[in-house]
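Visitor: Can you keep this structure in mind? I'll have questions shortly.
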Amino acid sequence: MAQSFRTTGLGTVHDGGGERPRGLRGIPAVYGLLPLRVFLGVTFLYAGIDKLTTHGFFDAGGPGSIGDMMRGVRDSAAIPALVDLALKSPGGFGLAIALGELAVGIGTLFGILGRVAAAGGALISLSLWLTVSWQSTPYYYGNDLAYLMAWLPLVVVGAPVLSVDSLLPGRRRRTA
């Protein structure tokens, strides 16, 4: 059964049971993921904007282009077929990644379809780990694996507090 949370103030959460106490002891565990949600949302929003505003990023070749980057990692990728697919249209692939990062960043920051946004972030991080940062040795030097792991708790819990998602169930309850 799904668990739902509705906040009424800092440290007070209705979760179908009784009201929890206010203060530091009353702040529920769901607030613990808020810094992670903000960090990942801002980071992915920034990454998308950076790609969209970097001159030459969407080019098939040249300094700083997605095409040159993908050709550079092709032979060391865990799944070279993913790189080959991206190389069929480097500009289109780069645009898809940039727009995906924007959507994930906005969805995560504002808690709009929080689990879907987190799953999108995890999918982007997984694809980048299997292609771009796969060759990092030791493995913990590659940041995409760490991002993938950071997305997983948000895939599980979504954005239960301080989010658009948390407002919608409350509105439905009041109108029902």
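Visitor: Checking GLY120 against (1) modelled with pLDDT under 95; (2) under 27 Å from HIS55 (Cα atoms), only one condition comes out false. Which one?
Guide: Only one criterion is unmet by GLY120, namely (1).
Visitor: Still on this structure, please answer the following. Consider PHE93 carefully, then state whether it is within 19 Å of LEU113 (Cβ to Cβ) and not aliphatic (A, V, I, L, M). Quick ask: steps written out before the conclusion?
Guide: Numbers: within 19 Å of LEU113 (Cβ to Cβ): no; not aliphatic (A, V, I, L, M): yes.
So PHE93 does not fit the description; no.
Visitor: While we're looking at this one, here's another question. Which is over 23 Å from TRP129 (Cα atoms) and either modelled with pLDDT of 60 or more or not in a loop (DSSP other than H, G, I, E, B) (or both), of VAL30, VAL38, VAL42?
Guide: Working: VAL38 fails: over 23 Å from TRP129 (Cα atoms); VAL42 fails: over 23 Å from TRP129 (Cα atoms).
When all the criteria are applied, what remains is VAL30.
Visitor: Right, here's the next one. State all residues of the range 108-124 that are farther than 26 Å from ALA78 by Cα and open to solvent by 40 Å² or more (accessible area, probe 1.4 Å); if no residue qualifies, say none. Explain how you work it out, then say what you get.
Guide: Going residue by residue through the range 108-124, those that are farther than 26 Å from ALA78 by Cα are 108-115.
Passing the criteria: LEU109, PHE110, ILE112, LEU113, ARG115.
Visitor: Next question, about the same structure. Scan the range 53-80 and report the pairs whose first residue is farther than 14 Å from PHE93 by Cβ and whose second residue is open to solvent by 40 Å² or more (accessible area, probe 1.4 Å) and not in a helix (DSSP H, G or I), with Cβ atoms within less than 6 Å and a gap of 6+ or a chain change.
Guide: Matching pairs, first to second residue: GLY56/GLY64; SER76/GLN135; ALA78/TRP134.
Visitor: Residues in the range 69-82: is at least one surrounded by 15 or more Cβ atoms within 10 Å (Cβ to Cβ) and at pLDDT 95 or above?
Guide: Within the range 69-82, not a single residue is surrounded by 15 or more Cβ atoms within 10 Å (Cβ to Cβ) and at pLDDT 95 or above.
Visitor: Okay, next question. Can you confirm whether ARG74 is farther than 20 Å from VAL156 by Cβ and either of a type in the set (Ser, Thr, Tyr) or in contact with a helix residue (DSSP H, G or I) (Cβ under 9 Å, 6 or more places away or on another chain) (or both)? Write out each step before concluding.
Guide: Values: farther than 20 Å from VAL156 by Cβ: yes; either of a type in the set (Ser, Thr, Tyr) or in contact with a helix residue (DSSP H, G or I) (Cβ under 9 Å, 6 or more places away or on another chain) (or both): yes.
Spelling it out, ARG74 is indeed farther than 20 Å from VAL156 by Cβ and either of a type in the set (Ser, Thr, Tyr) or in contact with a helix residue (DSSP H, G or I) (Cβ under 9 Å, 6 or more places away or on another chain) (or both).
Visitor: Surrounded by fewer than 20 Cβ atoms within 10 Å (Cβ to Cβ) and part of a helix (DSSP H, G or I): does that describe LEU154?
Guide: Details: surrounded by fewer than 20 Cβ atoms within 10 Å (Cβ to Cβ): no; part of a helix (DSSP H, G or I): yes.
When the stated conditions are applied, LEU154 does not pass them.
Visitor: Return the pair list, or none, for Cβ contacts closer than 7 Å from residues in the range 151-168 that are within 9 Å of GLY114 (Cα to Cα) to residues that are open to solvent by less than 60 Å² (accessible area, probe 1.4 Å) and of a type in the set (D, E, K, R), at least 6 apart or on different chains.
Guide: So the pair list comes out as LEU154/ARG37; GLY158/ASP165; ALA159/ARG37; ALA159/ASP165.
Visitor: Sticking with this structure for a sec: With respect to the numbered conditions (1) at pLDDT below 90; (2) assigned to a helix (DSSP H, G or I), which one is the sole condition not fulfilled by VAL161?
Guide: In the conditions (1) at pLDDT below 90; (2) assigned to a helix (DSSP H, G or I), VAL161 misses (2) alone.
Visitor: Sticking with this structure for a sec: Can you name the number of the only condition in (1) open to solvent by 30 Å² or more (accessible area, probe 1.4 Å); (2) among the aliphatic types (A, V, I, L, M); (3) out of contact with any helix residue (DSSP H, G or I) (no Cβ under 6 Å at 6 or more places or on another chain) that ILE97 fails?
Guide: Unmet for ILE97, out of (1) open to solvent by 30 Å² or more (accessible area, probe 1.4 Å); (2) among the aliphatic types (A, V, I, L, M); (3) out of contact with any helix residue (DSSP H, G or I) (no Cβ under 6 Å at 6 or more places or on another chain): (1).
Visitor: Still on this structure, please answer the following. Just for the range 125-143: of the residues that are open to solvent by less than 20 Å² (accessible area, probe 1.4 Å) and out of contact with any Pro (no Cβ under 9 Å at 6 or more places or on another chain), which one is modelled with the highest pLDDT? So that I can check it myself, show each step before the final result.
Guide: Looking only at the range 125-143, we keep the residues that are open to solvent by less than 20 Å² (accessible area, probe 1.4 Å), and these are 125, 131, 133, 142.
Applying the additional criterion that residues be out of contact with any Pro (no Cβ under 9 Å at 6 or more places or on another chain) yields 125, 133, 142.
Details: SER125: 96, SER133: 90, GLY142: 85.
So the residue we want is SER125.
The values are calculated or read from the model by the stated rules, or taken from the named source; none is laboratory data. The structure presented is a predicted model; accordingly, all values stated were derived computationally and were not measured. Note that each Cβ is placed from the backbone with ideal geometry, even for glycine, and that neighbours are counted across all protein chains shown. When the accessible area is computed, the model is the full protein with side chains, heavy atoms only, and any ligands, DNA or RNA have been set aside. Shrake-Rupley method; radii C 1.70, N 1.55, O 1.52, S 1.80 Å.
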